[in-house]
Amino acid sequence: AELAAVVRAFDKFKNEPFNLVTNSAYVAGIAMRAEHALLKEVSNPKLYQLLSKLIQLFSHRKQPYHIMHVRSHTDLPGFVAEGNRKADALAMAVQTANVPDIFAQAKLSHAFFHQNVPALMRMFKLSKEEAKAIVATCSNCQSYQIPSMGTGVNP
């Protein structure tokens, strides 16, 4: 839902300078990397459509923009945090889309960015086994996998 909102915002403000403030690290990361991204097919057609539209909007953009991530659910003072609290309240009232669980979000992110195991663990708070399972099932990453030499002792 947030990625769709970002695409709509960049479409609406395509001819003027624009600042995007989001509390979704996932969406901020995608938006910041989309300008220079090369999109490959992803299994979710709606996600593919949103990503390709975002990349198209960035490639034709003439006006400057800035993307900022703010932590959600904090009691920090200031207009950015206050605006984030108001946006959270509004979004909660109209939230209708099913957000995939954390593991599914990590799989989607890995399918696009191909993060390594430590990065997946850090970004999505996954266990080492969960992160390894995601990387191990990625056919693109397997072609770059170096076979393990096992453990041993130097003579």
In the stretch 11-27, residue modelled with the highest pLDDT [restricted to those that are farther than 12 Å from L54 by Cα and among the hydrophobic types (A, V, I, L, M, F, W, C)]: F13
Hey, R8 hits all of (1) modelled with pLDDT of 85 or more; (2) part of a helix (DSSP H, G or I); (3) surrounded by 15 or more Cβ atoms within 10 Å (Cβ to Cβ) but one; which does it fall short on? (3)
Looking only at the stretch 37-54, decide whether some residue is part of a helix (DSSP H, G or I), at pLDDT 85 or above, basic (K, R) and closer than 17 Å to F112 by Cα. yes
Going by the structure shown, is F112 within 26 Å of F18 (Cα to Cα), surrounded by 15 or more Cβ atoms within 10 Å (Cβ to Cβ) and modelled with pLDDT of 80 or more? yes
Residue tally, condition in contact with a strand residue (DSSP E or B) (Cβ under 7 Å, 6 or more places away or on another chain), surrounded by fewer than 16 Cβ atoms within 10 Å (Cβ to Cβ) and without any contact (Cβ under 8 Å) to a residue 40 or more places away in the chain, over the stretch 11-39: 1
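The values are calculated or read from the model by the stated rules, or taken from the named source; none is laboratory data. Since the structure is predicted, the reported quantities are computational estimates derived from the model, not experimental observations. Virtual Cβ from ideal backbone geometry, glycine too; neighbours counted across all protein chains shown.
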